[in-house]
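The values are calculated or read from the model by the stated rules, or taken from the named source; none is laboratory data. Just so it is clear, the model here is predicted, and its values are computed rather than measured. A quick note on method: Cβ atoms are made from the backbone with ideal geometry, for glycine too, and the neighbour counts reach across all protein chains shown. What goes into the accessible areas is simple: the full protein's heavy atoms, side chains included, and nothing from ligands, DNA or RNA. Shrake-Rupley method; radii C 1.70, N 1.55, O 1.52, S 1.80 Å.
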Amino acid sequence: MILIRDATIVDGTGAPPQQKDLIIRKDRISAVDNFANVRAETVIKARGSYLMPGFIDIHAASDHYLTLFTDPDQSDLLRQGITTIVGGHCGSSLAPLLYGSLESIRKWTDTNAVNVNWHTIAEFLTVLQGMKLGVNFATLAGHSTIRRALIGGGVRDLTVRELDVLSSVVETALAEGAFGVSTGLEFVHARATPYVELKRIATAAARAHALYTTHVRDEKDGLVSAVKEAIALARDTRVKTVVSHFRPFVGYESQFDAALTLLERAGKDLPVYFDTYPYDTSIQPIYTLLPAWAKTGDLEHMRASIAQPHLREAILRELPAFGDDDVVVASAPTAPFLLGKNIGGIARNRKISVREALLTLMEMTGMRAVVFYKNVHMDLAIASLQLPNALLGSNAPSVPVAQSAPHERFQSAFLKFLQTAVGINLMPLEKAVEKITSLPARLVGFSDRGQVKESYYADLTLMRAGAVTDVFVNGVHAVVNGAVTAARGGKPLLSTW
């Protein structure tokens, strides 16, 4: 038994904080009250500390980078109080795999880092159950992962038979434990997906009371039309919808404002939400920086295209202006020596322009790099978080230092949100905590999580002076006095709709 004494409890419901004690027995919260005479094997004196539900990252990327396997502690997440993450976003998931291929995530990582011994969602979750994870993990089923397995690298409409198979695979994935389905409509292999196909998979998700998340077709010039499509799909199917990493890109602020107004209005009578983060830097596969017309075929085709002089010149003319520090290599599985390098340094070393340096970087990494790109209007992103249908999602993995250049967004997104929300009076602390605990828990469908409440799972975060001191995951003391322990209390979660 563990007793946390004299904590200021922010319970996740939006209610004002209260000073109480809390008892943990095994993996559950046993009692919340004042226990003057109770004794326990472990007692944590928490006067002056806030005790909150463990934070839920509704849009994490530890599966896309395969660090669920290469960094199972998920230390970056635990140190900022996160106890549960949702993966499988942007159309790419680690299951279901019709033929055992992880091709849909190779734009983020080296897919040879793990041996795939699963196909279905059920088999994948069984594999994870055999591991010890630092955090709880829930997955969506990736539309592009399934679609590419059906038709390969082709960009075309599915046949009636293929559409039936797609629907069947999605329905099976939802029945086996996936919490929803995701699309990545701006990526090459999904951007021509017709509305009728989206409606088919969204309808399947709606029937299962599951989630539909979408990386919309265009996040810049066409953002308003893309968001209208997502709202129309929610209206037509009544599926719970989240627009993924909804960000105000620099130079496209007016489009963002117009789309934000649409989302705010839609959220009043439809289950429409969006997630974002309080940073000025996006993290994206390097090929996405190419002009739209040059993003065709697979990575090898795109690399070959920029080697052709007439295409290279056309691409260079259409690239945006970059500052020396605007693009930094976050990960490069085939060229790890480039980690942390910026395009300004590459340009100076090779005596070429910054735009040429970007194409050179694409060639050096075989298009298989992820970059930090300073292209987000941070103040607008922060302001958008005050809306009732706004969610916080890091859109980032926990990663070993050797695998990726460090960035604050990987390590402190949730702490920065809390500090910012309270510091600039964006919302009271209890409302900020609700936004990262019980709200995503209800939306995704996590039963008995997201609140400090008797009989709920003991996923808990203790903070003092803005820093996380202790974290419990399913009752396991995963962070002690700010240090991540060897204990891993996380587990794969299965939907139970």
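Quick notes
- Lys, Arg +1 and Asp, Glu -1 on Cβ, resulting dipole of the chain about Cα centre, debye, nearest 20: 220
- Here the accessible area is traced with a 1.4 Å probe on the protein chains. For the range 268-356, carbon and sulfur cover 52 percent of it.
- The fraction of accessible area contributed by carbon and sulfur in the range 108-161 is 47 percent, rounded to a whole number (1.4 Å probe; ligands and nucleic acids excluded).
- Accessible surface ranking for Glu171, Glu229, Glu318, 1.4 angstrom probe, highest first: Glu318, Glu171, Glu229.
- Probe 1.4 Å, all protein chains present, accessible-area order of Asp57, Asp298, largest first: Asp298, Asp57
- Ranking of Glu454, Glu197 by solvent-accessible surface, largest first: Glu454, Glu197 (1.4 Å probe, protein heavy atoms only, all chains present).
- Spatially close lysines, pair count over the range 307-444: Cα under 30 Å, gap of eight or more or interchain: 9
- Aspartates and glutamates whose Cα lies under 13 Å from that of Lys45, excluding same-chain neighbours fewer than 8 positions away: Asp6, Asp21, Asp470
- Given a 1.4 Å probe and the protein chains as shown, Val480 ends up with an accessible area of around 50 Å².
- Nearest-0.05 FRET efficiency for Met427 and Asp6, computed from C-beta distance (R0 22 Å): 0.30
- Counting only protein heavy atoms and using a 1.4 Å probe, the accessible area of Arg368 comes to about 50 Å².
- Cross-link partners for Lys26 among the lysines, with Cα-Cα distance under 16 Å and sequence neighbours closer than 8 places in the same chain left out: Lys453, Lys491.
- The heavy atoms of Arg147 offer some 10 square angstrom of accessible surface to a 1.4 angstrom probe.
- Per residue, the accessible area of the range 11-106 comes to 36 Å², computed with a 1.4 Å probe over protein heavy atoms only.
- Theoretical FRET efficiency, 1/(1+(r/R0)^6), r = Cβ-Cβ of Ala383 and Val160, R0 45 Å, to 0.05: 0.50
- Placing a label point 7 Å from the Cα of Asn349 along the Cα-to-Cβ direction, the residues of the range 317-340 whose backbone N falls under 19 Å from that point are 323-340.
- Solvent-accessible heavy-atom area per residue, rounded to whole Å², over the range 185-278 at 1.4 Å: 36
- Within the range 44-148, the chymotrypsin sites (Phe, Trp or Tyr not before Pro) that combine a DSSP coil assignment with at most 14 other C-beta atoms in a 10 angstrom radius are Tyr99.
- Gyration tensor verdict on the range 176-309 (Cα atoms; rounded if a/c is under 1.5, prolate if a/b is larger than b/c, oblate otherwise): oblate
- The rule of thumb for compact globular proteins, 2.2 N^0.38 Å, goes into the C-alpha radius of gyration of the chain 0.96 times.
- Only aspartates and glutamates eight or more places from Lys220 in sequence, or on another chain, were considered; those with a Cα closer than 17 Å are Glu186, Glu229, Glu253, Asp257, Asp275, Asp280, Glu318.
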